[in-house]
Amino acid sequence: MKKKTPEQELKELCKEIRSEIDHWDDINRNGCNDPFWSDGCNMNLTRNHIIYAKRQIAEICEDHGIPIPDEMYLPTPPEVNDYYMANLKQKRRVEMIGNRDRITTKKNKYDREQLSLF
């Protein structure tokens, strides 16, 4: 199997960051279907994927003297309440997650256009 070049790895990581940001935003608006974990937990997991991809990009760029790609400046979505649920219409899911008193449905703000320094 042929090893990927640093440029190919960067391209994949940049694509992953954009995809994960879209995924985070979709969960924030519509929720997800994970029966055992709240939307907030899934959003924080997605956020961690973005942070990890950015760390990998920083290492590759530093090790190979490659300019930092634009995706590094996309803002990382904020950490959210682990008990956040996009909607409470999924009654079975809400029951399985439990601790209904801690569940919040307040939407999380995220500005994709805000520049970020990692």
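Looking at residue 38, is it open to solvent by less than 60 Å² (accessible area, probe 1.4 Å) and polar (S, T, N, Q)?
yes
Considering only residues that are assigned to a loop (DSSP other than H, G, I, E, B) and touching a residue at least 24 places away in the same chain (Cβ under 8 Å), which ones fall in the stretch 1-31? Lay out the reasoning, then the answer.
Applying the first criterion (assigned to a loop (DSSP other than H, G, I, E, B)) to the stretch 1-31 yields 1-5, 31.
Of everything in the stretch 1-31, just one residue is assigned to a loop (DSSP other than H, G, I, E, B) and touching a residue at least 24 places away in the same chain (Cβ under 8 Å), namely 31.
Name every residue in the stretch 64-105 that is modelled with pLDDT of 75 or more, charged (D, E, K, R) and either surrounded by fewer than 15 Cβ atoms within 10 Å (Cβ to Cβ) or assigned to a helix (DSSP H, G or I) (or both), in order of residue number.
Answer for the stretch 64-105, where residues must be modelled with pLDDT of 75 or more, charged (D, E, K, R) and either surrounded by fewer than 15 Cβ atoms within 10 Å (Cβ to Cβ) or assigned to a helix (DSSP H, G or I) (or both): 70, 71, 79, 89, 91, 92, 93, 95.
State which residue pairs qualify: first residue at negative phi and inside the stretch 66-79, second residue surrounded by 14 or more Cβ atoms within 10 Å (Cβ to Cβ) and modelled with pLDDT under 95 in any location, beta carbons under 6 Å apart, and separation of 6 or more residues or different chains.
77/110
Which of the residues spanning the stretch 49-59 are free of Cβ contacts under 8 Å to residues at least 60 places away in the same chain and either open to solvent by 20 Å² or more (accessible area, probe 1.4 Å) or not aliphatic (A, V, I, L, M) (or both)?
49, 51, 52, 55, 56, 59
The values are calculated or read from the model by the stated rules, or taken from the named source; none is laboratory data. Keep in mind the model is a prediction, meaning the values are calculated, not measured. Backbone-built Cβ (ideal geometry, glycine too); neighbour counts: all protein chains shown. Just so you know, the surface numbers come from the protein's heavy atoms only, side chains and all, with ligands and any DNA or RNA stripped out. Shrake-Rupley method; radii C 1.70, N 1.55, O 1.52, S 1.80 Å.
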